[in-house]
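Reading through the structure tokens given below for one structure.
The values are calculated or read from the model by the stated rules, or taken from the named source; none is laboratory data. All figures in this text were calculated on a predicted structure; none of them were measured in a lab. Cβ atoms come from the backbone with ideal geometry, glycine included; neighbour counts cover every protein chain shown.
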Amino acid sequence: MLKTCPICGRRFVQDEPWKKVCLDCWKKQKAASSVVKVDAGEVQALRDRAEFYERKFLELAQENCRLRQQGTLQSSIKDRLRDLIFLCHPDKHDGDHKATEVTAWLLDVRREVASW
């Protein structure tokens with residue numbers, strides 16, 4: 001049965017009794033009804049939340065960067081301690097008292113660094 005669309009005035013085939021408007025107008029109504037209306041308070045709350053998470057992300061990124069740099073420094077210290085102990089060892093300096101003190105101190109530092 002041919003009907004006239006009450007919205008645009010075009011003629012369309014009404015092959016089902018529930019069809020009240022033409023297909024184009026039905027699609028436009030469907031698209032318009034899918035738009036969600038949000039009040040300004042909700043929008044501001046979402047913006048605040050986004051800013052909060054953005055700040056948190058930047059803080060965590062900076063902390064991660066700092067930890068990576070610290071990790072590089074720690075591994076560098078660990079690598080160098082072995083060399084320093086080797087170079088200062090009393091056996092290399094005929095049992096010198098100062099070499100013994102420095103080597104003992106470096107061994108203490110190495111134990112402390114191992115716990116990092």
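Out of the residues in region 77-116 meeting the condition of being basic (Lys, Arg) and under 30 Å from Leu67 (Cα atoms), tell me which one is farthest from the chain's Cα centre (by Cα). Break it down stepwise before answering.
As a first pass, look at region 77-116 and keep what is basic (Lys, Arg): 78, 80, 82, 92, 98, 110-111.
Next cut, under 30 Å from Leu67 (Cα atoms) only: 78, 80, 82, 110-111.
Numbers: Lys78: 30, Arg80: 34, Arg82: 37, Arg110: 35, Arg111: 35 Å.
Restricting to residues being basic (Lys, Arg) and under 30 Å from Leu67 (Cα atoms), the top hit is Arg82.
Which condition breaks for Lys19 when tested against (1) surrounded by 10 or more Cβ atoms within 10 Å (Cβ to Cβ); (2) over 28 Å from the mean Cα position of the chain (by Cα); (3) of a type outside the set (Phe, Trp, Tyr); (4) part of a helix (DSSP H, G or I)?
Of the numbered conditions (1) surrounded by 10 or more Cβ atoms within 10 Å (Cβ to Cβ); (2) over 28 Å from the mean Cα position of the chain (by Cα); (3) of a type outside the set (Phe, Trp, Tyr); (4) part of a helix (DSSP H, G or I), the odd one out for Lys19 is (4).
Tell me the residue from Gln70, Gln74 that is modelled with pLDDT under 90 and in contact with a Phe, Trp or Tyr (Cβ under 6 Å, 6 or more places away or on another chain), please. Before you say what the answer is, go through the steps one by one.
Values: Gln70 fails: in contact with a Phe, Trp or Tyr (Cβ under 6 Å, 6 or more places away or on another chain).
Sole residue among the options that is modelled with pLDDT under 90 and in contact with a Phe, Trp or Tyr (Cβ under 6 Å, 6 or more places away or on another chain): Gln74.
Please go through region 31-71 and give me each residue that is polar (S, T, N, Q) and either under 30 Å from Val113 (Cα atoms) or exposed (fewer than 10 other Cβ atoms within 10 Å of the Cβ) (or both), ordered by number. Write out each step before concluding.
We begin by selecting, within region 31-71, every residue polar (S, T, N, Q); these are 33-34, 44, 62, 64, 69-70.
Correct list: Ser33, Ser34, Gln62, Asn64, Gln69, Gln70.
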